[in-house]
């Protein structure tokens, strides 16, 4: 009963918060700059509403199928969000901008390989092979997402790249969730079914924290570097002045 | 179990990087005057001498192999200090370049863009040069060169000179002497 209350307590406010994030992004027209994150937010809201409906109506088979389908969709959208973050971080640097797609592809390819090897090497402790396979699938997705973010943060840290607030907020929120989910799902896969309840709570807690981070960044004011008032160079001003004087003299 | 621990370690490392990114560790540089006390003096002549392939070949020919290995390791360790200073300076000049990109003057903005690009490529060469020098320390007999880093850093200094003369011509010589 307590577990049920805790899960509902984490589920409903999180869904409402994400809906508010989606509305805020529409108000500030941020969906133009961050289409992948906007899509991710809306899809998560829809998934949450559907899964909650199945849960309340005790439709366990649709809930089970819906949960893992949602995991697959979230995995794909999560990678798209990370690529969006890469693009925004590197877009400001001409020297790196051209390398964005190539770096991302190479990093993703290596990480998929790592994920496949780890799936083969540690198939999980569930007695039910399907459940074991599903949790290993979830873990593999987290390896790719965490690895991509690890590479990005390491790269940005070494090259001292600056982050715009919104981009940093999205990256930190996503990073927190993927990080905790990776650790939790790895432990769950190792422990088997006895770890399911704990995994569920830890995952939801982490996601709630991520949503809170996104709200703080998206509802706050972005610290956009302010360009000094555009004044033309002195030489242009002098030329214009001379041209104006000549016009006046006529 | 080991794989589980590896994943947890990965998660902890990423969490650490997230924390560092949130805190930030970049120098607050808004203009050339902010370079004072931040940039480190790099004796380019000494650095060039330490990494000169011709000098290295001369030593290789003149010294017995055991003595050459000792000398090469010492030269590479000294060169690593210079490389580290170049890396730190380029990180600060990256910030200066970004600040210059926000200027109202078109020429200063252009110089700023060039500086940012050179600073990033210098950081990349610093990484490569460090690896090359460490290989030279581990395997003193191997033949590798870090001349590309020197060339890039000299171009970065030249761009800084141009930028500083546009922004603060009166103090340009003093600021350039700090590098």
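Descriptive notes on the structure:
- Under the condition of being modelled with pLDDT under 85 and within 14 Å of chain A (Cβ to nearest Cβ), the residues counted in the range B:111-151 number 0.
- Verdict on residue B:108 being within 13 Å of chain A (Cβ to nearest Cβ), under 14 Å from residue B:167 (Cβ atoms) and either at pLDDT below 90 or touching a helix residue (DSSP H, G or I) at 6+ places or on another chain (Cβ under 6 Å) (or both): yes
- Residue in the range A:89-110 that is within 14 Å of chain B (Cβ to nearest Cβ), farther than 30 Å from residue B:96 by Cβ and outside any helix (DSSP H, G or I) present: no
- Set side by side, the residues A:124, A:192, A:169, A:138 differ, and just one is surrounded by 16 or more Cβ atoms within 10 Å (Cβ to Cβ) and modelled with pLDDT of 85 or more, which is A:169.
Conditions tested, residue by residue: (1) over 20 Å from residue B:41 (Cα atoms); (2) free of Cβ contacts under 8 Å to residues at least 24 places away in the same chain.
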residue: B:72; (1), (2): yes, no
residue: B:80; (1), (2): no, no
residue: B:89; (1), (2): no, no
residue: B:92; (1), (2): no, no
residue: B:95; (1), (2): no, no
residue: B:101; (1), (2): yes, yes
residue: B:108; (1), (2): yes, no
residue: B:113; (1), (2): yes, yes
residue: B:125; (1), (2): no, no
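Rundown of residues vs (1) part of a helix (DSSP H, G or I); (2) touching a strand residue (DSSP E or B) at 6+ places or on another chain (Cβ under 8 Å); (3) surrounded by fewer than 20 Cβ atoms within 10 Å (Cβ to Cβ), yes/no style:
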residue	(1), (2), (3)
B:112	yes, no, no
B:115	yes, no, no
B:127	yes, no, yes
B:134	yes, no, yes
B:137	yes, no, yes
B:145	no, no, yes
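- In the set A:146, A:211, A:202, only one residue is assigned to a helix (DSSP H, G or I), more than 11 Å from chain B (Cβ to nearest Cβ) and within 20 Å of residue B:13 (Cα to Cα); that residue is A:202.
- Unmet criterion (only one of (1) within 10 Å of another protein chain (Cβ to nearest Cβ); (2) over 17 Å from the mean Cα position of the chain (by Cα); (3) assigned to a helix (DSSP H, G or I)) for residue A:197: (1)
- Helices (runs of 4 or more DSSP H) wholly inside the range B:1-103 containing at least 1 residues that are away from every other protein chain (no Cβ under 14 Å) and surrounded by 12 or more Cβ atoms within 10 Å (Cβ to Cβ): B:44-51, B:53-62, B:65-100
The values are calculated or read from the model by the stated rules, or taken from the named source; none is laboratory data. Everything quoted here is computed from the prediction, not taken from an experiment. We place every Cβ from the backbone using ideal geometry, glycine too, and count neighbours over all the protein chains shown.
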